[in-house]
1. Can you run down the residue pairs with Cβ atoms below 9 Å, 6 or more apart or on separate chains, where the first is in the range 106-126 and assigned by TED's automatic domain parsing to the domain that holds residue 58 and the partner is surrounded by fewer than 20 Cβ atoms within 10 Å (Cβ to Cβ)?
2. Is it the case, given these coordinates, that residue 107 is modelled with pLDDT of 95 or more, under 13 Å from residue 33 (Cα atoms) and assigned to a loop (DSSP other than H, G, I, E, B)?
3. Which of (1) modelled with pLDDT of 50 or more; (2) part of a loop (DSSP other than H, G, I, E, B); (3) of a type outside the set (S, T, N, Q) is the odd one out, the single condition residue 27 does not satisfy?
4. Pick from the range 130-155 the residues that are among the basic types (Lys, Arg), out of contact with any Phe, Trp or Tyr (no Cβ under 9 Å at 6 or more places or on another chain) and surrounded by 12 or more Cβ atoms within 10 Å (Cβ to Cβ): which of them is farthest from residue 103 (Cα to Cα)?
5. Can you pull out the residues in the range 73-105 that are surrounded by fewer than 20 Cβ atoms within 10 Å (Cβ to Cβ) and touching a residue at least 40 places away in the same chain (Cβ under 8 Å)?
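The values are calculated or read from the model by the stated rules, or taken from the named source; none is laboratory data. Here the structure is a predicted model, which means the values were calculated and not measured. All Cβ positions, glycine included, derive from the backbone under ideal geometry; neighbour counts span all protein chains shown.
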Amino acid sequence: MRATTVHTGLVKALLGTTALLFFSGALLALDPVNQTFFGVAIKGYDPVAYFTESKPVKGDKSHQFEWNDATWYFASAANKDAFAKEPEKYAPQYGGYCAYAVSQNATAGIDPDAWKIIDGKLYLNYNRKIQKKWEGDIPGFIEKADQNWPKLLEK
């Protein structure tokens, strides 16, 4: 019976520590770039390809570039070089987080297929359903997101 009590106490302690670690992550500052667990930006898609090929293209590890504390993958050396010269031109707005979510003062992941270039800037959305909602008032949502983004980075 005593072994069961010790075992139960150990399990409770481990669960409490795990919960503390999980919830303390919410208190940490937001990464400036939406990235995978392994530090890869925008799920490994090539941000330059949205502009040059008008479609999402998966990047390749052999063409990677470190920028803004994230690893960016590119489909070609030419795209990598273009990004390296002008990352702000090609990087998605709001660090590659969902543009609609940022307009709502939150962040969310993205679907690389839910994208749009507006006034020479790349915007990504959580999914196509959210993108349709965002398309209902793109200028208004961009205005709100532009106001919210600096505050979200401070949290």
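1. none
2. yes
3. The single condition residue 27 does not satisfy is (1).
4. Pass one, the range 130-155, residues among the basic types (Lys, Arg): 132-133, 144, 151, 155.
In the following step, the residues that additionally are out of contact with any Phe, Trp or Tyr (no Cβ under 9 Å at 6 or more places or on another chain) were identified as 132, 144, 151, 155.
After this cut, where a residue has to be surrounded by 12 or more Cβ atoms within 10 Å (Cβ to Cβ) as well, the list is 132, 144.
Values: 132: 14, 144: 5 Å.
Here the answer is 132.
5. Within the range 73-105, the first condition is being surrounded by fewer than 20 Cβ atoms within 10 Å (Cβ to Cβ), and the residues that meet it are 75-78, 81-82, 84-89, 93, 104-105.
Answer for the range 73-105, where residues must be surrounded by fewer than 20 Cβ atoms within 10 Å (Cβ to Cβ) and touching a residue at least 40 places away in the same chain (Cβ under 8 Å): 93, 104, 105.
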